[in-house]
Amino acid sequence: MQLLHQIYQVSGDLVGLTTDVEGAIWNDCNAYLVKTEKGLILFDAGCGDTMEQLYANIRYWGMCPEDIKYCFLTHAHFDHAGGGYLLKKNGVEFISGKETAEAVLAGDNRCCTYLYHKKFTPFKVDRIIADGEKVSVLGLEVEARLMPGHSMGCTVFSFTLGGKRIVISGDVIGTKLSGDFGWSGSIDFCRENYLGSLLKMVDLEMDYMLPGHGMVYLSGAKRRVEEVLNVALMEWRK
Ligand SMILES: [Zn+2]
């Protein structure tokens, strides 16, 4: 569905856009698509079993899945990166932080296959992006900030479109009504790092925040990050 000028949400079982298993609401992440004149940029790949639905959602809005040129990964968890190998077959170039790239290449427990009872098909990320680095793809300048905690590879991406600063937050900020934080069962979950990341995130410039699951924040984005930081400081600080 179209969210903003040039931005579409093309997957997410919690919001009913894609479904892999009847009744599942956390198996597939929110994947976002940015439409440019030169092609399409995807943020997260979904779990893979819903790829045809994701493609159908793209076609519904008059675009072609074959025009996806790049995919940025927020982290290596199965519900975000499981479909990566399918996109790689179509020649999509992947960009992620170092830890995420290592995890999806190994396809090991960092991809939390034990949560989904599925097999992760490994694939190679084409370009590693560092904390604070900016990369320009198809005319869009995307800035990466590493935000470890939910997983060690968690990365938040920011860019400006239509005069608005948009933040793709992955699982750093939990969706309202379902908890403040991302799932804590990852083998590389780290509360201390997570708190440090929230302290970084609260200073990020943002007009809109598009999270990895559930509701998007087209209003109150910054306020939501402040709320989550507040809870973390109260509950987690030693
Ligand atoms: Zn996750």
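The values are calculated or read from the model by the stated rules, or taken from the named source; none is laboratory data. Computed from a predicted structure; not experimentally measured. In this analysis, Cβ positions are derived from the backbone assuming ideal geometry, glycine residues included, and neighbour counts consider all displayed protein chains. Remember, those area values only see protein heavy atoms, side chains included, never the ligands or the DNA or RNA. Shrake-Rupley method; radii C 1.70, N 1.55, O 1.52, S 1.80 Å.
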Assuming a ≥ b ≥ c are the square roots of the Cα gyration tensor eigenvalues, decide whether segment 66-177 counts as rounded (a/c under 1.5), prolate (otherwise, with a/b larger than b/c) or oblate. oblate
Long-range amide H partners of residue 161 with built H, under 5 Å: 166
The chain, Gaussian network, Cα under 10 Å: of 150, 117, 213, the residue fluctuating most is 117
With a 1.4 Å probe and all protein chains left in place, how much accessible area per residue does segment 2-236 have, in Å²? 42
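Suppose R0 equals 30 Å; then what is the FRET efficiency for residue 140 and residue 219 from their Cβ-Cβ distance, rounded to the nearest 0.05? Could you put the intermediate results ahead of the total?
Working: r = 23 Å, r/R0 = 0.77.
Once the sixth-power term is evaluated, E becomes 0.80.
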According to the square roots a ≥ b ≥ c of the eigenvalues of the Cα gyration tensor, what is the shape class of segment 139-187, taking rounded for a/c under 1.5, prolate for a/b larger than b/c otherwise, and oblate for the remainder? oblate
Taking the Cα centre of segment 52-110 as the origin, how large is its charge dipole in debye, to the nearest 20, when only Lys and Arg (+1) and Asp and Glu (-1) carry charge on their Cβ atoms? 80
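Return the loop-located GluC sites (Glu not before Pro) in segment 69-152 (DSSP other than H, G, I, E, B) with at most 15 other Cβ atoms within 10 Å of their own Cβ; answer none if there are none.
For GluC sites (Glu not before Pro) across segment 69-152 that sit outside H, G, I, E and B with at most 15 neighbouring Cβ atoms in 10 Å, the list reads 133.
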Segment 120-185: trypsin sites (Lys or Arg not before Pro) falling in loop per DSSP and having at most 14 other Cβ within 10 Å: 124
Taking loop as defined by DSSP and a crowding limit of 14 other beta carbons within 10 Å, which trypsin sites (Lys or Arg not before Pro) in segment 20-93 fit? 38
When the dipole is taken about the Cα centre of segment 2-236, and only Lys, Arg (+1) and Asp, Glu (-1) are charged at their Cβ, what size is it in debye, to the nearest 20? 340
Pull up all non-local amide H partners of residue 36: gap of 5 or more, or a different chain, and H-to-H distance under 5 Å with H placed in the peptide plane. 41
In whole Hz, with x marking every Gly and Pro, tabulate ³J(HN,Hα) for segment 131-140 from phi via Karplus 6.51 cos²θ - 1.76 cosθ + 1.60, θ = phi - 60°. 4, x, 6, 10, 10, 9, 10, 6, x, 9
Taking 0.36 nm per residue of separation between residue 113 and residue 187 and subtracting their Cα-Cα distance, the length gained on full extension comes to 25.5 nm
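Assign one of three labels to the chain, namely rounded, prolate or oblate, based on the Cα gyration tensor with a ≥ b ≥ c the square roots of its eigenvalues; rounded applies when a/c is under 1.5, prolate when it is not and a/b is larger than b/c, and oblate otherwise. Working shown, then result.
Working: a/c = 1.38, a/b = 1.18, b/c = 1.17.
Rounded shape, in that the Cα axes give a/c under 1.5.
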Give me the percent of accessible area attributable to carbon and sulfur for segment 2-236, probe 1.4 angstrom. 50
Excluding residues fewer than 8 positions from residue 118 in its own chain, the aspartates and glutamates with Cα under 13 Å of it are 20, 28, 49, 79, 108
Give, as a single signed number, the net charge of other residues whose beta carbon lies under 12 Å from the beta carbon of residue 110, with Lys and Arg counted +1 and Asp and Glu -1. -4
Okay, which of segment 161-189 sit inside 11 Å, backbone N to the point 7 Å along the Cα-Cβ direction of residue 130? none
The chain - share of DSSP beta bridges that are antiparallel (%, nearest 5): 65
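Fully extended, how many nm does the chain gain between residue 56 and residue 202 (0.36 nm per residue separation, minus their Cα-Cα distance)? Don't skip to the answer; put the middle values down first.
On the way: separation 146, 0.36 × 146 = 52.56 nm, distance 3.56 nm.
Result: 49.0 nm gained on full extension.
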